[in-house]
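The values are calculated or read from the model by the stated rules, or taken from the named source; none is laboratory data. Please read all numbers here as calculations on a predicted model, not as lab measurements. Glycine also receives a Cβ, built like all others from the backbone with ideal geometry; neighbour counts cover every protein chain displayed. Just the protein is used for accessible areas: all its heavy atoms, side chains included, with ligands, DNA and RNA removed. Shrake-Rupley method; radii C 1.70, N 1.55, O 1.52, S 1.80 Å.
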Amino acid sequence: MSYLTDDPIDAAALARRLLRRSDGALVVFEGVVRDHSEGKAVESIFYDAYRPMAEKEIAAIVDDVRRQWPDVAVDCIHRLGHLVVGETSIAIACVSPHRAEAFEACRATIDRIKKTVPIWKKERTPDGEEWVGWQHQC
């Protein structure tokens, strides 16, 4: 299973693959490219990753979430490459018999991915390009 893609993300298909007859809740989170960041206009974003390490870390996160919420089925995919405003950069789907667990698992998944997975982004603005998000991690 790969958690990284260079292709557009179909969040609905991701969710459909998980849904079981016993599920009463389906939570989907989509992170999308927005037109601004920290007061600057954003035209597009380029996502890059150290793929082997990113795949391994996302797999560990998904496994941990599955252990913490055993009734929740979870999957996610992160897009790499050039994305324009409005395109989905990440999709996370969580299904479970009840909504509380699905919401909690989804939130935990995105929070951990943002914090620990080696994926970097370069924002393109009218003034040029800049790698962002790594400055406070050195």
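For the chain, the Cβ-based charge dipole about the Cα centre amounts to some 460 debye (Lys, Arg positive; Asp, Glu negative; other atoms uncharged).
Quick one: with all protein chains in place, what share of the accessible area of segment 1-115 is carbon or sulfur, to the nearest percent (1.4 Å probe)?
Whole-percent figure for carbon plus sulfur exposure: 51.
R0 = 35 Å: FRET efficiency of S44 with R16, Cβ-based, nearest 0.05?
Working: r = 29 Å, r/R0 = 0.83.
Using R0 = 35 Å, I get an efficiency of 0.75.
What segment 2-138 shows is 59 Å² of accessible area per residue, with the surface traced by a 1.4 Å probe over protein heavy atoms. Going by Cα centres, segment 100-118 and segment 73-93 are how many Å apart? First find each Cα centre; the distance between them is then 14 Å.
A simple count of charges around P8, restricted to other residues whose Cβ falls under 14 Å of its Cβ and scoring Lys, Arg +1 and Asp, Glu -1, yields -4. When the Cα positions of I45, P126, I61 are compared along the charge dipole of segment 5-138, I61 comes out farthest toward the positive end, with charges on each C-beta of Lys, Arg, Asp and Glu.
Suppose R0 equals 22 Å; then what is the FRET efficiency for T116 and E30 from their Cβ-Cβ distance, rounded to the nearest 0.05?
Numbers: r = 20 Å, r/R0 = 0.92.
It comes to 0.65.
Given segment 34-94 reduced to its alpha-carbon atoms as identical point scatterers, what log10 I(q)/I(0) does the Debye formula return at q = 0.14, 0.30 Å⁻¹? The computed values of log10 I(q)/I(0) come out as -0.55, -1.19.
Using DSSP to define loop residues, name the GluC sites (Glu not before Pro) in segment 2-69 whose beta-carbon has at most 15 other beta-carbon atoms within 10 Å.
On the way: sites: E30, E38, E43, E55, E57; in loops: E38, E43.
Listed in order of number, the matching sites are E38, E43.
Normalised by the number of residues in the chain, the mean separation of alpha-carbon contacts (under 8 Å, six or more apart) gives a relative contact order of 36 percent. Run a plain Debye calculation on segment 1-137 (Cα atoms as equal point scatterers, no solvent) and give log10 I(q)/I(0) at q = 0.14, 0.16 Å⁻¹, rounded to two decimals, same order as the q list. Log10 I(q)/I(0), no solvent term: -0.65, -0.82.
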